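Step one of this worksheet: look at the structure below.
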Amino acid sequence: MVKISLIKKVKSDKSATEHDKKIRKNNKFVTPIIVFVAIALSLGFGYVAGTYHYQIEAAIGPVFGCKVHSGDIDLSSLQETYNELAAHYDGKLDTDTLIQGANHGLVDAVGDAYTVYMTPSEAVDFNNTLSGSIGGGIGAQIGLKNNKIVIIKPLKDNPAIKAGLKAGDIVTKVNDDSTSGWTVEQAVTKIRGEAGTTVKLTILRGTETKVYTITRETISNPSVDSNITDGLGIMTISRFDSETGDLARVAAQDFVSKGVKKVILDLRGNGGGYVSAAVDVAGLWLNDKTIVTERSDNVIKDTLKSGSNAILSGMQTIVLVDSQTASASEIVAGALQDYKAAKLVGEKTFGKGSVQLPIPLSGGGELKVTVARWYTPNGKNITQDGIDPDYAVEYTQSDFDKDIDPQMNKAESLLKA
């Protein structure tokens, strides 16, 4: 697998559904009503005013369509641990940090990799990722090529390209620190920073060394990129955010207006996003079809269907996938494969077949909890198994070092056949 990254650490799991977002929105209005009624009932039964009573809320919540759990958990051992820690620790304790750590530990103990607690800062970072907003970066895609940190692509209208960075530039130093032996993640960490601050990059371009001082900005990074070459349209989707469906349709309309006859949809490295965006993208090829069903306790809770304006319907299509093609991107790949609207080329996909509901918590934290499993139109849940491509083709680091993309080459050859 080739390691490429934007100047941003991105969480790979980002699944949410349109109806989940509606639930969140409705809860913001319904919860105060429940609390108000709970307090009123508490006063009527002689409870202390203002105390949260989940038992009462659990009884009232379903009336408003909300889920509330009323059970208690014995946290006395946690309190004991804290008291002993505070009494004996040789140093200063930050209680806010300890509370955040306890929240992390509680949720992590569930044992589901996709059910997670996020601190306020992590929640902001996560939601910015879904909106396509990247804070404090230079706007460049980087990778490791011939064991060197390389600029793969400076993003349009962002600081890197404005400063003069070009694809193929080798980053030899970041703020005078040598990048020798660095991973992509280390480079990302060093280059990113607070918007408005600067980072100094020493660049090797051919035999010439250049030094650039670049002011970091909040980065605009559209989730959809497209181009047309000799009647072949290539659409690359990096994630499924709130704008992906509209951006993909604009690209598809451009394909049609310019006479494109064949399409490559590149979902490699796409860690997912909103299920609703995946349904919109699949709907470019599929008219009024079931794209995905969601089941909880093996009972179908929702069936998501495409619309009736599949402007790429019947167009010969290849979908590129790899081991990092996950979640919402697997929904698209699975639906197009099940309906035989496209052939898949590349490697087996990641295998994430669950749906998460983000729940805002007091204090700015957020709980992301698995609420359902999703299934392809043919009834397959791909958890752990992933989706097998129709044509298995590897893309190795050696290929990348040599500027060879065997997966793209295979797709092009199939479309020319």
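The values are calculated or read from the model by the stated rules, or taken from the named source; none is laboratory data. Nothing here was measured: the structure is a model prediction, and the numbers come from that model. When we count neighbours, we look across all protein chains shown, and the Cβ atoms used for this are built from the backbone with ideal geometry, even at glycine.
Going through E366, E412 one at a time, which residue ends up being in contact (Cβ under 8 Å) with a residue 60 or more places away in the chain, among the acidic types (D, E) and farther than 23 Å from N227 by Cα?
On the way: E412 fails: farther than 23 Å from N227 by Cα.
Result of the check over E366, E412: E366.
Looking across segment 208-221 at every residue that is hydroxyl-bearing (S, T, Y) and at pLDDT 95 or above, the one that is surrounded by the most Cβ atoms within 10 Å (Cβ to Cβ) is identified as Y212.
Matching residues to (1) in contact with a Ser or Thr (Cβ under 8 Å, 6 or more places away or on another chain); (2) outside the structural domain of E294 (by TED's automatic domain parsing); (3) closer than 21 Å to I237 by Cα:
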{"position": "I331", "(1), (2), (3)": "yes, no, yes"}
{"position": "G334", "(1), (2), (3)": "yes, no, yes"}
{"position": "K348", "(1), (2), (3)": "yes, no, yes"}
{"position": "P360", "(1), (2), (3)": "no, no, no"}
{"position": "T376", "(1), (2), (3)": "no, no, yes"}
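Of all residues in segment 174-185, those that are surrounded by 18 or more Cβ atoms within 10 Å (Cβ to Cβ) and modelled with pLDDT of 95 or more total 2.
Report yes if some residue within segment 269-276 is surrounded by fewer than 22 Cβ atoms within 10 Å (Cβ to Cβ) and under 18 Å from the mean Cα position of the chain (by Cα); otherwise report no. If you could, list the steps in order and put the result at the bottom.
We begin by selecting, within segment 269-276, every residue surrounded by fewer than 22 Cβ atoms within 10 Å (Cβ to Cβ); these are 276.
Restricting the remaining residues to those that are under 18 Å from the mean Cα position of the chain (by Cα) gives 276.
So far as segment 269-276 goes, yes, one or more of its residues are surrounded by fewer than 22 Cβ atoms within 10 Å (Cβ to Cβ) and under 18 Å from the mean Cα position of the chain (by Cα).
Within the set V332, V355, the sole residue that is β-branched (V, I, T), surrounded by 17 or more Cβ atoms within 10 Å (Cβ to Cβ) and at pLDDT 95 or above turns out to be V332. One residue stands out in segment 275-300 among those that are part of a loop (DSSP other than H, G, I, E, B) and free of Cβ contacts under 8 Å to residues at least 24 places away in the same chain: the one that is farthest from F255 (Cα to Cα), namely D297.
I'd like the residue in segment 142-173 that is of a type in the set (S, T, N, Q) and touching a Gly at 6+ places or on another chain (Cβ under 9 Å) and, out of all such residues, is surrounded by the fewest Cβ atoms within 10 Å (Cβ to Cβ). Give the steps one after another, and end with the answer.
Going residue by residue through segment 142-173, those that are of a type in the set (S, T, N, Q) are 146-147, 158, 172.
Remaining after also requiring touching a Gly at 6+ places or on another chain (Cβ under 9 Å): 147, 158.
Working: N147: 10, N158: 22.
Selected residue: N147.
Taken together, the criteria place V188 among residues that are in a helix (DSSP H, G or I), over 30 Å from L415 (Cβ atoms) and touching a residue at least 60 places away in the same chain (Cβ under 8 Å).
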